[in-house]
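In what follows, a single structure is set out as structure tokens and then discussed.
The values are calculated or read from the model by the stated rules, or taken from the named source; none is laboratory data. Remember, it's a predicted structure, so these values are computed and weren't measured experimentally. Using ideal geometry, Cβ is built from the backbone for each residue, glycine included, and neighbour counts are taken over all protein chains shown. Areas reflect the complete protein model, heavy atoms only, side chains present, ligands, DNA and RNA absent. Shrake-Rupley method; radii C 1.70, N 1.55, O 1.52, S 1.80 Å.
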Amino acid sequence: MAGDTPFKRSILCIGAGYVGGPTMAAIAAKCPQYKVTVVDINADRIAAWNSDNLPIFEPGLLDVVKIARGRNLFFSTEIDTNIQEAEVIFVSVNTPTKTFGAGAGKAADLQYWEKTARNIVKVSQSDKIIVEKSTLPVRTARAMERILNANEKGNHFEVLSNPEFLAEGTAVEDLNNPDRVLIGSQETESGLKAREVLVEIYANWIPRERILTTNVWSAELSKLTANAFLAQRISSINSISALCEKTEANIGEVARAIGMDSRIGSRFLRASVGFGGSCFKKDILNLVYICEHYGLHDVAQYWESVVAINDFQKRRFVETMLRVMFNTIAGKRIALFGFAFKADTGDTRESPAIAITRQLLEERATVVISDPEALANAKIDLADCEGGVEYVDDPYEAAKGAHAIAVMTEWDLYRELDYRKIYDNMEKPAFVFDGRNIIEHQKLYEMGFNVFPLGKSALKHF
Ligand code: NAD
Ligand code: UGA
């Protein structure tokens, strides 16, 4: 029993974002015997979690929330009392790239995480297990343990690392059926005991053989490494897409051919206008910073090149547009199909569409942005861009009078549009630049479009 409640355990998560909300909803839905509370300093976010209009768009999430909300899942702004009640506290606050001081532009900004830790120490009246859910630099647990255990109340805090591997857009499925759950602990008696508590929580729905336990440093470093490897695959295929365009090789065929080698595998080989999302760039740069800190400059340089290729891919996308549209796009209307960093999310953090829009604006184009879920975030991202940007829900309207369409996000919607109708309403010659290779290139070419896919020969009428 947790305190005076009928629950077996009281679990708290600090940070109700893209990770905290979905992960806790999953635990609560799978484990009615636990009381799961999610707190945040952002009252609007908490209010949204308590409504049917959740603060993030994630397929299937509302159904999961509805299973448990009010039963054993609670969203609250009451941080201190909930800390006091909880035995296990997940910390899932944001850890963005530092924008100031030492390590600016690379190191992780740990201020939110540290503030949380200090608050836990201040208000706690009993021992607790603190779980690092946020992505953190390797060896953060040591610093946290020092802060947490420097209390005069005699409370003991055991720090575990339990990084999250969900991807946005598939969070519900990823949480229900993860490839693995990773739990790192100190290999001391209290560390192993705390680890067992967390294993027991996940074992409610995840087979034991998929719950991987390691030392705390391996768990912290594995998270950064996983994201670095995933991003590296995208930069690798994107770098080859540039070569395909020069040599008449086809990136789809190359990806298929190499992906059939079981040592390489077929996933994460889709060429794109560049990877986005809040984490790939931030986590790689964090890895780079850590390597530099330890004097491993060659290793740092190796990983930094993954980000450099991603910037190259975004830049060359606009360079191609400019070149083939007769070296000027000033005053031309460019319709962006999609603004989210990937399909099935409204999240636009680090979306390649942001950089592309800014480059197009530098060329004095008018950018018409369309996206089924991300327009609100797009407006925030581009708040400083006065004039030159229009936001239009309907893609047919967005493309009206446009000189070119650029596909930024692989929403299914864009595969299924009536491109004949779109073509008829565009300026001629009409161009389409497919930054995701999702539309039927030959078919659009036959309609009259000049088609520029990624990593494939262009189909043009001149
Ligand atoms: P987010 O910005 O969506 O959410 C973080 C939340 O923490 C915010 O709502 C913020 O208000 C809250 N917060 C900050 N300081 C607080 C405090 N002192 N007390 C209470 N609440 C506080 O971030 P996110 O995308 O959920 O990411 C969280 C962490 O998880 C990051 O370290 C990220 O790298 C990692 N991660 C993210 C994803 C993802 O898909 N977004 C996946 C895996 C791991
Ligand atoms: C990624 C990881 O996949 C998660 O395991 C991790 O937990 C998460 O980062 C995190 O730490 O935040 P996410 O960024 O949500 O998840 O989405 P991904 O599916 O990985 O896509 C990232 C970016 O790569 C998107 O812009 C996507 O369009 C792009 N991408 C992905 C490609 O360009 N090509 C591909 O083949 C795959």
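Going by the conditions given, is S278 more than 22 Å from M426 (Cα to Cα) and either away from ligand 2 (no atom under 14 Å from the Cβ) or surrounded by fewer than 19 Cβ atoms within 10 Å (Cβ to Cβ) (or both)? Answer is no for this residue.
For every residue, the table says whether it meets (1) at pLDDT 95 or above; (2) of a type in the set (D, E); (3) surrounded by 20 or more Cβ atoms within 10 Å (Cβ to Cβ).
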position: G331; (1), (2), (3): yes, no, no
position: I334; (1), (2), (3): yes, no, yes
position: F337; (1), (2), (3): yes, no, yes
position: K342; (1), (2), (3): yes, no, yes
position: T348; (1), (2), (3): yes, no, yes
position: S351; (1), (2), (3): yes, no, yes
position: E362; (1), (2), (3): yes, yes, no
position: I369; (1), (2), (3): yes, no, yes
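Considering the stretch 1-18, the residues that are hydroxyl-bearing (S, T, Y) and closer than 15 Å to Q84 by Cα include one that is modelled with the lowest pLDDT, namely T5.
Looking only at the stretch 1-58, residues that are open to solvent by less than 40 Å² (accessible area, probe 1.4 Å), farther than 24 Å from K128 by Cα and charged (D, E, K, R) come to 1 in all. Against the condition within 22 Å of N162 (Cβ to Cβ), surrounded by 18 or more Cβ atoms within 10 Å (Cβ to Cβ) and within 16 Å of ligand 2 (Cβ to nearest atom), how does V88 come out, does it pass? It is false that V88 is within 22 Å of N162 (Cβ to Cβ), surrounded by 18 or more Cβ atoms within 10 Å (Cβ to Cβ) and within 16 Å of ligand 2 (Cβ to nearest atom). Residues that are without any contact (Cβ under 8 Å) to a residue 40 or more places away in the chain and either among the aromatic types (F, W, Y) or within 16 Å of ligand 1 (Cβ to nearest atom) (or both) within the stretch 257-305 comprise F268, Y294, Y302, listed in sequence order. Of everything in the stretch 181-216 that is outside any helix (DSSP H, G or I) and more than 13 Å from N162 (Cα to Cα), the residue that is most open to solvent (accessible area, probe 1.4 Å) is E187. Residues in the stretch 377-390 that are open to solvent by 40 Å² or more (accessible area, probe 1.4 Å), within 17 Å of F341 (Cα to Cα) and in contact with a strand residue (DSSP E or B) (Cβ under 9 Å, 6 or more places away or on another chain): 1 in all.
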